[in-house]
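Structure, as structure tokens:
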Amino acid sequence: MFLLKSIFSGGRRQPTNPGLSDPVLDDTTTRALVGSVDDEITDPRVVDSMVVQAISQSSTNAAERACFDAHDLPDALLKETPELIERALALLDIEIHARYDNHAYILAESMNPSFVKNRDFRLMFLRTDNFNVKKAALRMVRHFQVKLDLFGKERLASNITQDDLDGDTFDGVYNGHVQVLPTRDHMGRTVYVFVAKPAITHEGFMMKMRRMFYFFMAYLQNVDGQKQDAVALVFYLQNEGPGLQESRFESIWKAPRLIQGMPIRIPVVHLGSTSTLWSPAHSVLKVALNVIAGMQLCPHYGSFEDCINTIKAQGIDTKSFPLDADGNVATESHHEWLEAQRRKERQVEPKRSRVHVPGSFDVLFGKGSPLQNHRGNIKFRGLIADCRMAYEKADKDKKRRIIEEIVSTVRQSSGLFLRADGTGSWIDVDDKAACMKVGSLFRTIRFHQDGGGKAKRRASAKASS
């Protein structure tokens with residue numbers, strides 16, 4: 001049974017919307033079109049025939065769109081005028097509320113109308129579909145249904161931040177298997193890189209989808225990313241890992257559905273693989289991408305160098321490609337972007353009641369080397385050391401001000417003072433508790449540098465008497 005059934009059909013058949021240029025197919029129709037997953041559809045000629053059949057059965061506009069996408073010809077962008085924007089925003093609300101499958105959207109609107117009706121948020125979807133109101137409404141409805149399935153009701157009506165991510169999803173975001181190239185392709189499009197290799201084939205499917213959701217929404221805060229099409233580059237290394245056979249086809253069919261709910265258009269997917277063992281999955285993916293999302297798949301097989309050269313010939317700059325032939329993923333610049341993004345999120349988003357994974361600038365309460373070796377705690381001790389001499393010379397009032405300034409410095413860097421809540425998550429303590437932590441650390445440093453302090457001297461005096 002599919003984990004994200006509602007992404008496909010919401011438990012009901014999706015009607016074809018004549019106002020859309022791409023066909024809207026439910027799961028039953030799609031599977032009937034491509035048949036069962038077996039050797040019959042691994043023949044590229046059979047797959048191409050299925051794609052042609054799917055296009056021919058759709059509208060004339062859909063067939064024309066598929067041809068445009070195959071030749072990398074983008075739509076002409078409409079000029080954004082105040083009149084266009086205001087009219088589109090008004091019509092978008094009407095169109096969304098006229099849809100029968102908008103229950104997740106309506107739920108989010110009832111929870112936090114200011115978030116759902118935020119002008120910039122809604123413009124993301126309008127820009128993605130070049131101000132086609134019907135398409136933007138469908139994309140928004142799908143977006144909230146996907147979000148509800150992935151993150152639950154609690155996070156439905158707010159932006160997803162790194163503080164919201166569970167440990168597995170957080171690690172998946174930081175492992176570098178989804179990145180954006182610093183340079184665009186020959187048509188000025190953003191290039192998303194997805195790395196798949198045996199070491200990550202046991203990641204849970206839901207975790208992969210949550211990672212993709214967060215990554216797209218975080219990067220698409222950039223207005224230029226909303227206006228331009230994007231290109232996906234998926235790279236497989238070596239042979240498939242054990243256990244992948246049972247789960248790979250689920251991923252193949254559902255990833256396009258998730259993309260349909262994101263404010264992003266990816267007309268072309270370049271796929272590189274060093275092993276032909278992936279070709280059956282790629283054959284199914286070719287049909288799934290075209291039928292479900294109107295996306296064209298361009299597979300490239302051979303050695304790592306052969307794939308890179310072929311992809312480079314497609315107008316993609318591979319100098320900064322974050323993967324080498326041995327399967328090593330470069331993450332330094334990726335981590336820098338993520339940490340800057342997390343700081344930004346904490347500055348503009350409402351404070352979360354709990355944090356699942358502490359940041360590198362957070363200070364952790366507790367004992368033991370794992371906590372004390374946390375990067376935030378190391379920086380914190382360095383800050384204490386820099387202020388120690390001034391603290392020791394200060395009177396009581398000045399000591400209090402020094403402590404408050406240290407707490408303020410951590411807060412201004414988007415850091416939190418976190419205490420474990422006993423469930424695997426962390427809670428940010430108030431400033432009073434943070435100040436007590438700072439004062440305690442000053443006393444601890446003084447004790448150790450004083451050779452044990454007064455207690456040691458009393459013990460020595462007692463022994464001598």
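Points to keep in mind about this one:
- Derived scalar couplings between HN and Hα for region 110-115 equal 6, 7, 8, x, 5, 6 Hz in order, rounded to whole Hz, by the Karplus curve 6.51 cos²θ - 1.76 cosθ + 1.60 (θ = phi - 60°), x for Gly and Pro.
- Filter on Lys147/Lys254; Lys117/Lys351; Lys153/Lys254; Lys153/Lys344; Lys227/Lys286 - keep pairs with C-alpha separation over 19 Å: Lys117/Lys351; Lys153/Lys254; Lys153/Lys344; Lys227/Lys286
- Note on Leu297: accessible area approximately 20 square angstrom, rounded to 10, probe 1.4 Å, nucleic acids and ligands left out.
- Fully extended contour minus Cα-Cα distance, from Phe365 to Ser279, at 0.36 nm per residue: 25.9 nm
- Shown in residue order for region 430-437 are the 3J(HN,Hα) couplings computed by the Karplus curve 6.51 cos²θ - 1.76 cosθ + 1.60 at θ = phi - 60°: 7, 5, 4, 5, 5, 5, 4, 4 Hz (x for Gly and Pro).
- Counting heavy atoms of the protein chains alone, Thr331 has an accessible area of about 40 Å² for a 1.4 Å probe.
- Amide H within-cut-off set for Leu364, under 5 Å, with H built and near neighbours excluded: Asn377, Leu418
- Once the 1.4 Å probe is applied to the protein heavy atoms, region 287-331 comes out at 43 Å² accessible per residue.
- Residue-wise HN-Hα couplings along region 128-144, as the Karplus relation 6.51 cos²θ - 1.76 cosθ + 1.60 with θ = phi - 60° gives them from phi, are 4, 9, 6, 6, 7, 5, 4, 5, 5, 5, 4, 5, 5, 4, 5, 4, 6 Hz; Gly and Pro carry x.
- Estimated FRET transfer efficiency (Lys399, Asn373; beta-carbon r; R0 30 Å; 0.05): 0.60
- Ordered by solvent-accessible area of protein heavy atoms (1.4 Å probe), largest first, the residues Val363, Val357 come out as Val357, Val363.
- Approximate spin-label separation Ser320-Asp306, in nm, with each point projected 7 Å along Cα-to-Cβ: 2.9 nm
- Taking 7 Å steps out from each Cα toward its Cβ at Ile85 and Arg381 produces label points 5.1 nm apart.
- Under 5 Å from the amide H of Gln296 lie the amide H atoms of Val268, Val269, each residue being 5 or more positions distant or on a separate chain, with H modelled from the backbone and absent for Pro and chain starts.
- Between region 85-142 and region 406-451, the alpha-carbon centres lie 43 Å apart.
The values are calculated or read from the model by the stated rules, or taken from the named source; none is laboratory data. A quick note: this is a predicted structure, and the numbers were derived from the prediction, not measured. Methodologically, a virtual Cβ is constructed for each residue, glycine included, from the backbone with ideal geometry; neighbour enumeration extends over all protein chains shown. With ligands, DNA and RNA removed, areas are computed over all heavy atoms of the protein, side chains included. Shrake-Rupley method; radii C 1.70, N 1.55, O 1.52, S 1.80 Å.
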